[in-house]
Amino acid sequence: MAWSSDDWPEPIALSVEDARADFPILKRKVGDGKQLIYLDNAATTQKPQQVIDAMSEYYRNNNSNVHRAAHTLASEATTAYEESRLKLKHWFGATQSRLVFTSGTTEAINLAAHAWARTNLAEGDVIVLTEMEHHADIVPWQMLAKEKGVELRWTPFDLETFELDMDAFAIAVKGAKLVACVHTSNVLGVRNPIEEIIHLTHEAGAKLILDAAQAAPHDRLNFEGLGVDMLAISAHKMGGPTAIGALIINESTFQQMEPFMGGGDMIREVHLDHSTYQENEHMLEAGTPKIAEAIGWGAAIDWMAQWDIDSVHQHGLFLAQKTVAELRKIPGMRIYGRHAEGDGAVVSFLHESLHANDLASFLDARGFAIRTGHHCAQPLLRKFNIAATNRVSYWLYNTEHEVDEFISAVTEICNKYT
Amino acid sequence: MATTEWPEGLLEIIEDFSAAFDTSERYEMLFELADDVDELPVSEWTPSTKVHGCQSEAHVLACLNEDDTFHLRGAADSKLVQGLISITAIALEGLSLAEVAIFSPTYVEEMGLKEALSPSRANGFLNMFKKVQHGAVLLGE
């Protein structure tokens with residue numbers, strides 16, 4: 001029987017204990033026998049057993065190439081693959097839109113640059129970005145600017161409030177053709193005023209591509225409700241496998257797109273002197289797709305669907321806010337971000353006299369997995385005149401006890417080495 | 001090079017690290033050793049002293065003692081990285097340039113640090129070590 005969103009249960013408030021029980025990796029020890037405390041979820045989340053099982057089951061029982069074969073396995077694989085697309089469309093409120101599978105958010109943005117912007121923008125056209133962007137939402141536009149002579153305008157953010165300068169944005173967007181903006185910063189955790197950005201963008205007659213990689217794990221994004229033109233997401237930051245993501249595209253934008261890569265799956269007919277292309281999402285999915293990964297992502301969405309997403313969001317924010325309050329008690333510690341209602345569960349911090357890599361190494365030796373570096377957002381860090389921060393990021397399986405353990409370890413390390 | 005052939009100063013450090021309770025304690029020892037290096041001040045950091053492929057900013061300068069034996073100066077913004085430079089300086093101090101050129105970097109493994117070093121830091125260590133050896137070769141020319 002075909003999948004329907006009625007198959008999802010009525011979501012219940014998050015039970016951290018029950019959710020956590022589905023993640024076998026969280027039980028493991030690291031290094032010389034320390035209990036793993038995984039606080040690097042903004043880089044990638046762990047995968048529940050249900051995702052691992054779905055992918056194993058596909059390879060054990062259903063493995064076949066999709067779309068072009070008249071045999072049972074191909075039919076099963078195709079059904080499961082397309083069912084995942086359908087689940088994702090329902091999850092992201094995009095049932096009337098297009099969802100193209102990519103290798104992740106980075107490829108999704110590159111796809112938008114190649115398949116839409118390259119065709120629809122010309123020399124002198126303007127793209128508005130923000131100084132908060134991940135490199136994945138900077139470099140493709142720089143490459144396009146170099147190739148097409150497109151102008152890039154940058155929206156600054158305030159170093160004290162960590163908020164975008166919306167007055168500057170309102171000016172920059174005038175006459176622009178495209179706005180590329182991050183929904184929730186992977187460094188600051190700041191959720192940008194997306195609704196206002198959408199309004200101003202469309203008022204200016206421009207299109208908007210939203211980088212929602214960090215928002216998707218904590219927010220039930222409603223693509224059509226928001227009225228975004230394109231949305232880029234990654235599976236692996238929301239319990240799904242690596243190497244798969246998607247670009248969600250509204251119909252009018254999709255109709256303006258040209259194929260990006262040529263080859264299998266995206267063609268209708270190939271002749272020696274010309275080819276014709278598929279008219280649906282497959283037009284932008286050349287080659288054998290990421291079948292097991294798509295199925296795994298579908299399983300991740302099924303798993304996520306049991307939890308009330310607001311309770312997931314509130315849990316992450318609570319852990320982040322507690323972390324900030326405790327880190328502020330350590331002399332010499334600087335926090336980057338405001339951690340207000342709606343923000344992501346990400347805390348970037350830096351001690352004035354303990355190198356970020358040294359702190360991360362001391363924590364690693366105690367079992368804590370945290371991230372250190374520029375977080376693929378060098379322009380953002382450069383504004384603060386720093387090259388790196390430490391960063392912890394939470395997801396729905398992290399406990400308050402883990403936060404307490406983390407704070408205790410950081411405090412002990414800072415007392416000892418600063 | 002077998003354990004027994006390590007220079008005396010290095011051998012002592014290897015034994016201390018081997019006896020350490022866990023990685024945390026090894027890092028603590030590494031952190032403390034950082035201060036023992038003949039520190040290359042930031043004012044002397046140049047593109048030619050910079051160690052590439054290291055997550056932190058690390059610099060080394062191969063020098064000669066008055067008796068023409070090897071001496072290493074170095075520094076890093078990360079104290080743990082500077083600790084690794086310091087141990088390398090202790091390992092190579094007073095050796096002939098020819099001995100430095102064939103010295104094995106495996107002392108890090110014997111200290112129980114190799115597993116603890118992240119791949120980027122392990123690569124950074126090897127880059128640093130090769131740069132030091134290359135510096136010794138240049139001094140001999």
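Here is how the numbers come out for the structure above:
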| read-out | value |
| --- | --- |
| Reach of B:Lys50 by Cα under 23 Å, taken over lysines that are not fewer than 8 positions away in the same chain | B:Lys79, B:Lys114, B:Lys130, B:Lys131 |
| Binned Cα-Cα distance frequencies in segment A:1-152 - 5 Å width, integer % | 2, 7, 10, 12, 14, 14, 13, 12, 9, 6, 2, 0 |
| Rg and Dmax of segment A:303-418, Cα atoms only, in Å | 14.4, 45 |
| Shape category assigned to the protein assembly as shown from the gyration tensor of Cα positions, a/c cut at 1.5 | prolate |
| Residue-wise HN-Hα coupling along segment A:326-338, computed from phi with Karplus coefficients 6.51, -1.76, 1.60 (Hz; x: Gly, Pro) | 6, 5, 4, 6, 8, x, x, 8, 10, 10, 10, x, 10 |
| Average Cα contact separation per residue, chain A, under 8 Å, 6 or more apart, as relative contact order % | 23 |
| Dipole axis of the protein assembly as shown (+1 Lys, Arg; -1 Asp, Glu on Cβ), positive-most option in A:Met266, A:Ala113, A:Ile301 | A:Met266 |
| Anisotropy class of segment A:242-341 from Cα gyration tensor, a/c 1.5 cut | prolate |
| A:Arg220, A:Arg28 arranged by Cβ crowding within 10 Å, fewest neighbours leading | A:Arg28, A:Arg220 |
| Residue pairs, from the table A:Lys29/A:Lys416; A:Lys89/A:Lys290; A:Lys207/A:Lys290, whose Cα atoms sit over 19 Å apart | A:Lys29/A:Lys416; A:Lys207/A:Lys290 |
| Charge sum, other residues only, whose C-beta stays under 10 Å from B:Arg73's C-beta, Lys/Arg counted +1 and Asp/Glu -1 | -3 |
| ³J(HN,Hα) computed for each position of segment A:227-244 - Karplus, 6.51 cos²θ - 1.76 cosθ + 1.60, integer Hz, glycine/proline x | x, 6, 8, 9, 9, 10, 9, 10, 6, 6, 8, 9, x, x, x, 6, 6, 9 |
| Fewest-first sequence of A:Cys181, A:Cys414 by Cβ atoms within 10 Å of each Cβ | A:Cys414, A:Cys181 |
| Per-residue Cβ neighbour rank within 10 angstrom, fewest leading, A:Leu350, A:Leu284 | A:Leu350, A:Leu284 |
| Residue (of B:Ser96, B:Ala62, B:Thr49) at the positive-pole extreme of chain B, dipole from beta-carbon charges | B:Thr49 |
| Contact order normalised by residue count of segment A:262-333, Cα under 8 Å, 6+ apart, percent | 21 |
| Test item: Cα-centred dipole of segment B:3-140, Lys/Arg +1 and Asp/Glu -1 on Cβ, debye | 820 |
| Chain A, dipole about Cα centre (Lys/Arg Cβ +1, Asp/Glu Cβ -1), debye to the nearest 20 | 1060 |
| Prolate/oblate/rounded call for segment B:3-140, Cα gyration tensor, a/c under 1.5 rounded | oblate |
| In order through segment A:395-411: 3J(HN,Hα) via Karplus (6.51 cos²θ - 1.76 cosθ + 1.60), integer Hz, x for Gly, Pro | 9, 5, 9, 6, 10, 5, 4, 5, 4, 4, 4, 5, 4, 4, 5, 5, 4 |
| Cβ crowding within 10 Å averaged over residues, with A:187-194, A:160-167 ranked highest first | A:187-194, A:160-167 |
| 5 Å binning of all Cα-Cα separations within segment A:62-204, expressed as whole percents from 0 upward | 2, 9, 15, 16, 17, 14, 9, 7, 5, 4, 2, 0, 0 |
| Amide H contacts under 5 Å for A:Ile267, placed H, 5+ residues apart | A:Gln278 |
| Inverse of mean 1/r across different Cα pairs in segment A:93-150, Kirkwood, Å | 12.4 |
| Dipole of the protein assembly as shown, positive end: most advanced residue of A:Ile209, A:Pro11, A:Tyr417 [Cβ charges, Cα centre] | A:Ile209 |
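Each value in this text was obtained by applying a stated rule to the coordinates, not by laboratory testing. Being a predicted model, the structure only gives us computed values, none of them experimental. Reconstructed Cβ throughout: ideal geometry from the backbone, glycine too, with neighbour counts over all protein chains shown.
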